[in-house]
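What follows is a single structure, written as structure tokens, with notes after it.
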Amino acid sequence: MPTLLEALEEKYGMEPDEKEEHVEEEVLVSIFVPKLPPRQSTPQLLILNDCNIDRAGEPEDLKKKCRIVKELDLAQNKLNNWNEVFVILSHMPRVEFVNLSLNHLTGPIQKPPVTKMDHLRNLVLNNTKLEWCSVEKLLRLLPALEELHLSLNEYTHVLIDTVNPTERSNSANSERGSTEGSSEGTATDASSNNNTHDGSATSQTKEQQQQKEVEEETPYASCSCSTSSAEPQQQQTDAEEPPPLQTDPHGGVRKLHLTGNYISEWGEICRIGRVFPQLEALVLADCPLRSLKPTDPQGNESEEESHKYFQNLKLLNLSNAKIDSWEDIDRLAEFPSLCNVRLQYWPLWARTDSTTEHERRQLLIARLPNISILNGGDTIGAVEREDAERSFIRHYLDKPDAERPRRYYELIGVHGQLDPLVNIDLRPERKVKVRFTFEDKAIERTVDVNRTVSDLKSRLERLFDVPAARMRLYYVDQDFRDLQGLEEMKYPHKVLYSYNIRSGDEIIIERKVKS
């Protein structure tokens, strides 16, 4: 398999440095000739995806040819060793964007040749099966990172957090212990158990502190956390969840993509909020989230607010989630900075009583007062919002109080109590009752006015035993019978509604006389 350097020379036609020097010697008018021919210059945007690259290549040559690269695309290659990745990046001091998607990078991160990469702002690691402990180590190396892509990595849990998992577990156990036991003997046993538990917790805390000190001394040691790229969610249980790795918050990351992972609990997403406190865009499309209500480790609903750790979040993509509750829509309204959401393909929309997508959009706009962009559409204007809020009020006018959300009463305070709209249908009648007369025979029948004269004749043929080809029809308006008389319906392809036929009108049938 080729090295990155070999793939670079093959794609861009680069030749050894000796020939480059020889070319420079032959140039007579240097003012018109570039230092390197165009095919011998490495571009700032270097795309080498699907080239079977598995290693860096000669360091010195790589350093000379890649020093100006700012964007690097190495997707779908054979890289599986982070040391090779770091060797490549160490020779690209200006690199700001790196795409390593579809490289099998599950292995641990050893100490890299550079301590930090201060220019790298955008890192794409989709479908690499990267473990969370490796993500944590990368965050230490990338202080300037602003956008991180971790889609399609089969994550079932988020295994990094700023909170010590042991302390959180001890706190939860203490709260449960304080509510247990009603008799004095039981209370005494509980107290004894709590003392023992506190002692063990202290011991565990000391051990974790020692472990943290060791990690700080050797921050790039082999990855020791459990595999986070697990089997699909249906094959996992809560008991198999390994404890999250405690890390420091990263204040630089503004955008995070987790599309297509198997995360189903909002409590896992809260860890993301703690690790990235300045997060502005979070993409969770195709993640089977069941609710936006956080849960505790036992699966019970927590009192924690859904938006607590997302004070700066402006964009949230929840398309194809498994959410089936309007209460979760109301929780979205509590995110203080959220203004752009995608909420498509939810089970909730399959059972909603709204009959059209327009009505569903109005219900969402009315419930989300701070949202300015919904499902990627145009910016919601003042007129559209007011119409949606008024429609929302009328939607719940006939509902019992128990079914009316809090937002209904808020909008009543803004727009007042509205009357139901009168349903006025201005469309012409589609079916009318007409009197058909032939000689001394008269019959009333219902006629579809969207049919043609020719079609009407073919139907009357069976009623009056007159061939359609020898039939003449005369329309008689009931209101203008004496003023305008009969109007012959002579055009076979003319539609009946063009005659303004109404119920009560008459059509006279005559047989053509043979000439």
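Going residue by residue through the stretch 398-406, is there one that turns out to be aliphatic (A, V, I, L, M) and open to solvent by less than 70 Å² (accessible area, probe 1.4 Å)?
no
Which is within 15 Å of Ile507 (Cα to Cα), open to solvent by less than 50 Å² (accessible area, probe 1.4 Å), in the same structural domain as Tyr474 (by the TED database) and modelled with pLDDT of 90 or more, of Thr452, Thr446?
Step by step, each of Thr452, Thr446 is checked, and only Thr452 is within 15 Å of Ile507 (Cα to Cα), open to solvent by less than 50 Å² (accessible area, probe 1.4 Å), in the same structural domain as Tyr474 (by the TED database) and modelled with pLDDT of 90 or more.
What number of residues within the stretch 59-80 are open to solvent by 50 Å² or more (accessible area, probe 1.4 Å), part of a loop (DSSP other than H, G, I, E, B) and modelled with pLDDT of 90 or more?
Summing the residues that are open to solvent by 50 Å² or more (accessible area, probe 1.4 Å), part of a loop (DSSP other than H, G, I, E, B) and modelled with pLDDT of 90 or more in the stretch 59-80 gives 5.
Could we say that Gln417 is in contact with an Asp or Glu (Cβ under 6 Å, 6 or more places away or on another chain) and assigned to a loop (DSSP other than H, G, I, E, B) here?
The answer is no for Gln417.
Those residues that are small (Gly, Ala, Ser) and free of Cβ contacts under 8 Å to residues at least 12 places away in the same chain, I need them from the stretch 470-504; list them, please.
Gly485, Ser498
Give the stretch 481-496 a look and list any residue that's within 16 Å of Arg435 (Cβ to Cβ), touching a Phe, Trp or Tyr at 6+ places or on another chain (Cβ under 7 Å) and open to solvent by less than 80 Å² (accessible area, probe 1.4 Å), or say none.
Glu487, Met489 - these are the residues of the stretch 481-496 that are within 16 Å of Arg435 (Cβ to Cβ), touching a Phe, Trp or Tyr at 6+ places or on another chain (Cβ under 7 Å) and open to solvent by less than 80 Å² (accessible area, probe 1.4 Å).
Restricting attention to the stretch 326-380, report how many residues are in a helix (DSSP H, G or I) and without any contact (Cβ under 8 Å) to a residue 60 or more places away in the chain.
Residues in the stretch 326-380 being in a helix (DSSP H, G or I) and without any contact (Cβ under 8 Å) to a residue 60 or more places away in the chain: 21 in total.
Across the stretch 95-110, what is the total count of residues that are in a loop (DSSP other than H, G, I, E, B) and either of a type in the set (Phe, Trp, Tyr) or over 21 Å from His149 (Cβ atoms) (or both)?
1
Of the conditions (1) of a type outside the set (S, T, N, Q); (2) within 17 Å of Ala56 (Cβ to Cβ); (3) in contact (Cβ under 8 Å) with a residue 40 or more places away in the chain; (4) crowded, with 22+ Cβ neighbours inside 10 Å, Leu130 fails just one. Which one is it?
Tallying (1) of a type outside the set (S, T, N, Q); (2) within 17 Å of Ala56 (Cβ to Cβ); (3) in contact (Cβ under 8 Å) with a residue 40 or more places away in the chain; (4) crowded, with 22+ Cβ neighbours inside 10 Å, Leu130 fails exactly one: (2).
Any idea which residue in the stretch 261-287 is least open to solvent (accessible area, probe 1.4 Å), counting only those that are more than 19 Å from Val341 (Cβ to Cβ) and part of a helix (DSSP H, G or I)?
Looking at residues that are more than 19 Å from Val341 (Cβ to Cβ) and part of a helix (DSSP H, G or I), I get Val275.
The values are calculated or read from the model by the stated rules, or taken from the named source; none is laboratory data. This one's a predicted model, so the numbers in the text were calculated from it and none came from an experiment. Please note: Cβ atoms are built from the backbone with ideal geometry, for glycine as well, and neighbour counts cover all protein chains shown. Side chains included, ligands, DNA and RNA excluded: accessible areas come from the protein's heavy atoms. Shrake-Rupley method; radii C 1.70, N 1.55, O 1.52, S 1.80 Å.
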